[in-house]
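The structure appears below as structure tokens.
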Amino acid sequence: MTEPRLFHQSGYALAFLGLCGVVMLIKLLPLGTQAQGLPAPDLVLALIFAWMMRRPDLLPLGLIVLVVLAGDLLLMRPPGLWTAIVVLATEALRKRQKRLRTLSLLAEIGLFAAAMSAMTGLYWLILSLTFADQPGLGAQLLRMPVTVAVYPLAMLTCAGPLGLRRRAAADGFDRGSRR
Amino acid sequence: MALDGDKGTNHFRPIRRILTGGLVLVLLTMFLVWRIDSPRVERLRTDIVDATLPRLQWAMAPITALAKMAANFSTYSALYEQNQELRRELQQMRGWKEAALQLEQKNARLLDLNNVKLDARLTYITGTVLADSGSPFRRSVLLNVGAQDGIRDGWAAMDGIGLVGRISGVGRTTARVILLTDPASSIPVTIQPSGQKVLLSGDNSAQPRIDFLESAELVRPGDRVVSSGDGGVFPAGILIGSVTRAPDQRFRVLLAADYARLEFLRVLRYSGPEPISDTGGLVAPRAETLLTPPPATGPSND
């Protein structure tokens, strides 16, 4: 690991932490104390997914755990469960990163929607099995379309100012440098 | 280099898998510990919130202020109509005020006649709202008063007009208020003219539900809802709101507190009603003396 590369990576890590921090801070602002119709989107999850689909190597597992666990604690979720589910989902993505490189944008959104539904379902299932107090499944699933609607925003953030792009499917540099 | 695709560097993959599995296990254990021993973990959470959020106040306060100013600015257009409406209301209120004054005097006279002793007024601590829950499924706010101000779990929090929620979770400098609209909130209330005791349970909508209503025909939309003081958690008689009928014909409560602008909340100091421990300790010996004539008076009768 050369020094410029380390610098590059830590820069991206700081950018990720900063973005997630801002999102969480805005969520915590005492503005939406009134109960409204639509639940707010899960921007942190959208950002993690969009980032993961592009450059998984710039988003180490530790950062994800840090951010989501902080969210668990600050946003009054049961601590640990959602983090565990997010870790499982992102690791599954990481394992399939080569196949994900050829994904079209629409398919990426579809994948995100499916993954978030599955994650919400699993979350609901575990909370039900442990008889924990939780909102209904319908209300939680309603969060999925709202988050999918803002997912392009996360994609734009990743691709635009952050400059995270997928590597081409057959990247000569990778193959050469491995051996 | 771990730059490449699905395969990764071959000798790192098993280790990575073990590490990930271990991490997931740790997280799930954390969840289970929370499930088994919730209060302890919640206290840890309160401590973390207590340590972080007040420090971020410098960043949050200006944004909050700006957003509120923007919201207020958008209402300037409706200001004229509002002004007219307020004038009309003020006129009506003058009439009411007159009636209220007369009633107050009458009430004072009657109380004087009866020699009634009233409760001492509740004292309160006022706190500023620091943050809300941030989750779409939880309704709570964080106040900037905590254990060092003597706040205790279970105390009632209200804005100027009506009940807002109850304290649940106290840190050293912060306290969390579970709002009445939170799904976990459930408090005993009385519907006023009919005096029916019901439970007010939040369900994440703006108007909490009325549960365990015995006779629905005695309740009309517009009835006052006040806290009943059952269970000794809340002081009785705090205004909560008025009954409305939801589109699905169920009764709900229109909250009197202005949930759109929760800025300052009063936390009522209340230690519960004093327990009455002995059952008539004064009565028993006296009954004895009445039944058995005292020996001193016995001989004098002869």
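You will find that of A:Leu14, A:Leu19, A:Leu66, A:Leu73, the residue that is open to solvent by 10 Å² or more (accessible area, probe 1.4 Å) and within 24 Å of B:Gly202 (Cβ to Cβ) is A:Leu73 and no other. Exactly one residue among A:Leu28, A:Leu45, A:Leu66, A:Leu19 is over 29 Å from A:Leu106 (Cα atoms) and at pLDDT 90 or above, and that residue is A:Leu66.
Do the conditions hold for A:Asp42, that is, is it among the charged types (D, E, K, R), buried (at least 20 other Cβ atoms within 10 Å of the Cβ) and in contact with a Gly (Cβ under 8 Å, 6 or more places away or on another chain)?
Working: among the charged types (D, E, K, R): yes; buried (at least 20 other Cβ atoms within 10 Å of the Cβ): yes; in contact with a Gly (Cβ under 8 Å, 6 or more places away or on another chain): no.
No.
Looking only at region B:180-226, residues that are open to solvent by less than 50 Å² (accessible area, probe 1.4 Å) and on the phi > 0 side of the Ramachandran plot come to 2 in all. Every test in (1) loosely packed, with under 10 Cβ neighbours inside 10 Å; (2) at pLDDT below 80; (3) within 30 Å of A:Leu93 (Cα to Cα) is passed by B:Ile15 save one, and that test is (2).
Among the residues of region B:49-65, is there at least one that is touching a strand residue (DSSP E or B) at 6+ places or on another chain (Cβ under 6 Å), at negative phi and at the interface with chain A (Cβ under 10 Å from one of its Cβ atoms)? Scanning region B:49-65 turns up at least one residue that is touching a strand residue (DSSP E or B) at 6+ places or on another chain (Cβ under 6 Å), at negative phi and at the interface with chain A (Cβ under 10 Å from one of its Cβ atoms). Could you tell me whether region B:41-64 includes any residue that is in a loop (DSSP other than H, G, I, E, B) and either among the hydroxyl-bearing types (Ser, Thr, Tyr) or loosely packed, with under 13 Cβ neighbours inside 10 Å (or both)? Checked region B:41-64: no residue is in a loop (DSSP other than H, G, I, E, B) and either among the hydroxyl-bearing types (Ser, Thr, Tyr) or loosely packed, with under 13 Cβ neighbours inside 10 Å (or both).
Restricting region B:233-274 to residues that are within 28 Å of B:Met69 (Cα to Cα) and small (Gly, Ala, Ser), which is surrounded by the fewest Cβ atoms within 10 Å (Cβ to Cβ)? The qualifying residue surrounded by the fewest Cβ atoms within 10 Å (Cβ to Cβ) is B:Ala260. For region B:66-94, taking the residues that are within 14 Å of chain A (Cβ to nearest Cβ) and more than 14 Å from A:Leu29 (Cβ to Cβ), the one that is nearest to the chain's Cα centre (by Cα) is identified as B:Asn72. In region A:146-169, the condition of being closer than 21 Å to B:Asp182 by Cα and of a type in the set (S, T, N, Q) is met by no residue. Taking the condition of being within 13 Å of chain B (Cβ to nearest Cβ), among the polar types (S, T, N, Q), surrounded by 15 or more Cβ atoms within 10 Å (Cβ to Cβ) and part of a helix (DSSP H, G or I), how many residues in region A:117-159 meet it? Count: 3. Among the helices (runs of 4 or more DSSP H) confined to region A:42-116, the ones with at least 3 residues that are of a type in the set (Val, Ile, Thr) and at negative phi are located at A:61-74, A:81-95. Of the conditions (1) open to solvent by less than 20 Å² (accessible area, probe 1.4 Å); (2) in contact with a Pro (Cβ under 7 Å, 6 or more places away or on another chain), A:Pro56 clears all except one; give me its number. All conditions pass for A:Pro56, except number (2). Considering region A:98-116, and only residues there that are open to solvent by less than 60 Å² (accessible area, probe 1.4 Å) and modelled with pLDDT under 85, the residue that is farthest from the other protein chains (Cβ to nearest Cβ) turns out to be A:Leu103.
The values are calculated or read from the model by the stated rules, or taken from the named source; none is laboratory data. These numbers were taken from a predicted model, which means no experiment stands behind them. FYI the Cβ positions are ideal-geometry reconstructions off the backbone, even for glycines, and counts take in every protein chain you see. Only protein heavy atoms, including side chains, enter the accessible area calculation; ligands, DNA and RNA are left aside. Shrake-Rupley method; radii C 1.70, N 1.55, O 1.52, S 1.80 Å.
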